[in-house]
Amino acid sequence: RSSLHPSLTSSRGMHCIQQTINIGSPDKDSREKILMSILQKHSNITLETVKTLDLSSIAMRTEGYVARDIELLVNRTLHSKMSKDKDGL
């Protein structure tokens with residue numbers, strides 16, 4: 001609630017948000033499943049490549065990450081890899 005602007009939760013006048021719900025970060029197993037799902041959606045990543053990755057280790061090192069954070073991590077990693085491959089040609 002402290003991260004919301006006071007005008008959104010003010011008791012005076014109209015306000016948009018009447019109740020806040022804390023949604024925690026996913027646990028390690030959930031992060032691993034999220035990671036697998038994101039990787040499978042990328043057309044330029046083969047299943048063989050995904051099988052070579054240590055998803056458990058990545059999930060362990062991403063404690064506190066939500067699905068969007070993991071998606072950004074994957075996208076940035078892929079972009080970096082493609083840029084390095086392109087520069088190496």
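Search the range 47-76 for residues being outside any helix (DSSP H, G or I) and free of Cβ contacts under 8 Å to residues at least 40 places away in the same chain, and hand back the single one that is most open to solvent (accessible area, probe 1.4 Å).
Initially, the range 47-76 is screened for residues outside any helix (DSSP H, G or I), giving 53-54, 62-66.
If we keep only those that are free of Cβ contacts under 8 Å to residues at least 40 places away in the same chain too, we end up with 53-54, 62-64.
Working: L53: 71, D54: 94, T62: 10, E63: 148, G64: 45 Å².
Within the range 47-76, the match that is most open to solvent (accessible area, probe 1.4 Å) is E63.
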Checklist entry - For S43, are the conditions met, namely being assigned to a loop (DSSP other than H, G, I, E, B), open to solvent by 60 Å² or more (accessible area, probe 1.4 Å) and more than 30 Å from H5 (Cα to Cα)? => result yes
Next on the checklist: Condition check: surrounded by 10 or more Cβ atoms within 10 Å (Cβ to Cβ), part of a helix (DSSP H, G or I) and at pLDDT 90 or above. Does S83 satisfy that?
Outcome noted: no
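The values are calculated or read from the model by the stated rules, or taken from the named source; none is laboratory data. Worth saying up front: this structure is predicted, and the values here are computed from it rather than measured. Cβ atoms come from the backbone with ideal geometry, glycine included; neighbour counts cover every protein chain shown. The accessibility values were calculated without ligands, DNA or RNA, using every heavy atom of the protein model including side chains. Shrake-Rupley method; radii C 1.70, N 1.55, O 1.52, S 1.80 Å.
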